[in-house]
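The next block holds one structure in the form of structure tokens; read it before the comments.
The values are calculated or read from the model by the stated rules, or taken from the named source; none is laboratory data. Everything numeric in this text was worked out from a predicted model, so none of it was measured. Using ideal geometry, Cβ is built from the backbone for each residue, glycine included, and neighbour counts are taken over all protein chains shown.
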Amino acid sequence: MIHPRLARCLFAILVVVAFPSPAGTALPTVERVEPPSWWVGFDDPHVQLMVHGPGVATTVPVLDYAGVRISDVRRLESPNYLFVTLEIAPQTLPGRLRIVLRRDGRRVADFDYRLEARSPGSRDRRGFDARDAIYLIVPDRFANGRPANDQAKGMGDHVDRNDPDARHGGDLEGIRQHLAYIEQMGFTQIWMTPTFENAQPVASYHGYSITDHYRIDPRLGTAQELRALSKEARTHGIGLIADEVVNHIGSHHWWMSDLPSPDWISGAGSRAPTNHAHSSVQDPYASEGDRQRFIDGWFSAEMPDLHTMTPELGTYLIQQALWWIEYADLSGLRIDTYSYSDKRFMAAYTGRIMAEYPHFNIVGEEWRLDPGLVAYWQADKVNHDGYVSHLPSLMDFPLQHAITDALVTKETTIAGLRTIYERLATDFLYPHPDNLVVFADNHDTDRMYAALGRDDALFRMALTFVATTRGIPQVVYGTEALLANEHSGKDGERRSDFPGGWAGDPVDAFTGRGLDPHVRQAQEFVRTLFTWRRQSPAVQHGTLRHYTPTDGAYVYFRQADGETAMIVLNKAADPVRLDLSRFRESLKAGSVGRDVFTGEMVALRDYLVVNPRSATVIDIR
């Protein structure tokens, strides 16, 4: 059997011989070059250009630009791709270079390529961290700022706001128009579900079926609009977190009609579904077949699985992430279906990004409820199998599940709020628990308000905990307006439209017009909580000490820089009298604090009475 690498080398030789360009043969043309540009000054001086067009594999690229040389050329099975690696010397000046494609010594095509200068301080940008609060937005469902782009030529999945699974028309401009609202609510980061083109025939509004990695979906806007949104958001103290999908693409991706090589897609097109056996990656007893089925199986028939260990594809995906970070001035990435990709590649992917941006942050989705399975993926974790990860953060699904369970379950010595207490006790499994993203719901789960039975008291407890426990809080758009899905498990309903985001909406939660007083109170609660959090070093980076829930009340403290935050979640139907002597290792006798929600001063002497079914936050400075 010929080794695959040797076979590719032989193919590269044969393709030039097989296409000698006789008279009358069509000349190669360049239709795409990706990434579309690059920057001087990255730590790794190489960039791989994927050149696509009829017959380009039959050509030899040459260039003449000071400080840049072609260090590698690769040809795969398709004659329509040429992979050209440029090596850029450290002192190379930005500018436009021309790459000429030759065949039989003759110039048959060429294209220009732009090298840009990186923005000052780009390498040392700060990623999101526990000082931040994240506002998660599904752009199609937030606000329609530009109705003219609701439909796009050649795209299916038309706008129908009466259909929960169709497109509704929200866009980047709608987000831009409401940045002041997001800032006023106390949020400092926006995580948007993917904004790349999803040219799928149906149900692609969510963005996870990417069909072009370098094009913003025209129904959401343009790349220039994304960059303008990021720039304006910075003026409001808000960063952008982009949602990346590494594991799969949409079935209508432009690659699918002409794959660079058969191993670009897992399973040789068999469409064998993944077994969703997350634990097989860590399981010392798992069969290799189960493990590979998890990694190489398709997420769905409409989402082909990417074989990320194909070298050219792996490099493509890494560069695509770097390109958007640099182009759109991002402050972080969220990686969808993180564990479904080959773990060796994911280590290389995150390792390269973090090497180029040492203070950046990337959060991965590992939707498991076992902290051990989640902790495996965090950077600096010493794993039983020697696996070394470079992923800084993860979505804390184990804690998310505990929050809802704790609040809706009757209090006992082993259930109710004790569930949160015990879940936090497993933080010893994580190298960096303060860098986990904490949430009570997201775009894939039932809305918090629905899951909590539309109970306002439980709603306030859940959000208070998310905002004040260790980690980075994340809240879904519209939570503050008490959005709730009517039917459990319905994604389209979970991602309902933000009231007031469309002209003619009878209620506008952005301005308060027509808002029910009950909803207005919830909105004010969220604004007060997260505005205070933005100024509190104790909850941003302070130590956490909690006390076993007693009589339906859970008490914990955050402390840093001379500030103490005392938090009490009381599920009891009656007032609870807390003996403060129990908390003396966290609370000095005679302390005085301010109730964050009422503004009243509170003397903390011998005991504290907290209201029934309440969330109390006392700021002690």
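Annotations for the structure displayed:
- Of the residues contained in region 77-87, none is found to be in contact (Cβ under 8 Å) with a residue 24 or more places away in the chain and loosely packed, with under 15 Cβ neighbours inside 10 Å.
- Here residue 152 meets each of (1) among the hydrophobic types (A, V, I, L, M, F, W, C); (2) in the same structural domain as residue 208 (by TED's automatic domain parsing); (3) surrounded by 21 or more Cβ atoms within 10 Å (Cβ to Cβ); (4) touching a residue at least 60 places away in the same chain (Cβ under 8 Å) with one exception, condition (3).
- Unmet requirement for residue 98, which otherwise passes all of (1) in contact (Cβ under 8 Å) with a residue 60 or more places away in the chain; (2) touching a strand residue (DSSP E or B) at 6+ places or on another chain (Cβ under 6 Å); (3) basic (Lys, Arg): (1)
- Looking across region 234-276, the residues that are of a type outside the set (A, V, I, L, M) and either in a helix (DSSP H, G or I) or touching a His at 6+ places or on another chain (Cβ under 6 Å) (or both) come down to 234, 235, 254, 255, 257, 262, 263, 264, 266, 267, 269.
- Near pairs, Cβ below 8 angstrom, 6+ apart or cross-chain, from region 554-582 (closer than 23 Å to residue 413 by Cβ and in the same structural domain as residue 596 (by TED's automatic domain parsing)) to any residue that is part of a strand (DSSP E or B) and basic (Lys, Arg): 556/545; 557/545; 567/558
- Remark: residue 437 falls outside the filter, which requires a residue to be of a type in the set (A, V, I, L, M) and surrounded by fewer than 17 Cβ atoms within 10 Å (Cβ to Cβ).
- Screening residue 521 on (1) over 25 Å from the mean Cα position of the chain (by Cα); (2) assigned to a loop (DSSP other than H, G, I, E, B) shows it passes everything except condition (2).
- Yes/no for residue 11 being in contact with a helix residue (DSSP H, G or I) (Cβ under 6 Å, 6 or more places away or on another chain) and at pLDDT below 50: no
- Counting the residues of region 415-439 that are among the aromatic types (Phe, Trp, Tyr) and assigned to a loop (DSSP other than H, G, I, E, B) gives 2.
- Region 599-621, subset over 35 Å from the mean Cα position of the chain (by Cα) and among the β-branched types (Val, Ile, Thr), residue farthest from residue 461 (Cα to Cα): 602
- Qualifying residue in region 313-328 (condition: assigned to a loop (DSSP other than H, G, I, E, B), surrounded by fewer than 21 Cβ atoms within 10 Å (Cβ to Cβ) and either aliphatic (A, V, I, L, M) or outside the structural domain of residue 198 (by TED's automatic domain parsing) (or both)): no
- Residue within region 504-521 that is touching a residue at least 40 places away in the same chain (Cβ under 8 Å) and small (Gly, Ala, Ser) present: no
- Residue 204 satisfies every condition listed in (1) polar (S, T, N, Q); (2) more than 17 Å from residue 152 (Cα to Cα); (3) within 19 Å of the chain's Cα centre (by Cα) except (2).
- Only residues that are surrounded by fewer than 17 Cβ atoms within 10 Å (Cβ to Cβ), part of a helix (DSSP H, G or I) and in contact with a strand residue (DSSP E or B) (Cβ under 9 Å, 6 or more places away or on another chain) were counted in region 524-553, giving 2.
- Residues of region 538-558 satisfying the condition of being polar (S, T, N, Q), more than 29 Å from the chain's Cα centre (by Cα) and farther than 15 Å from residue 424 by Cβ: 550
- Test: residue in region 343-357 that is part of a loop (DSSP other than H, G, I, E, B), within 23 Å of residue 395 (Cα to Cα) and not aliphatic (A, V, I, L, M): yes
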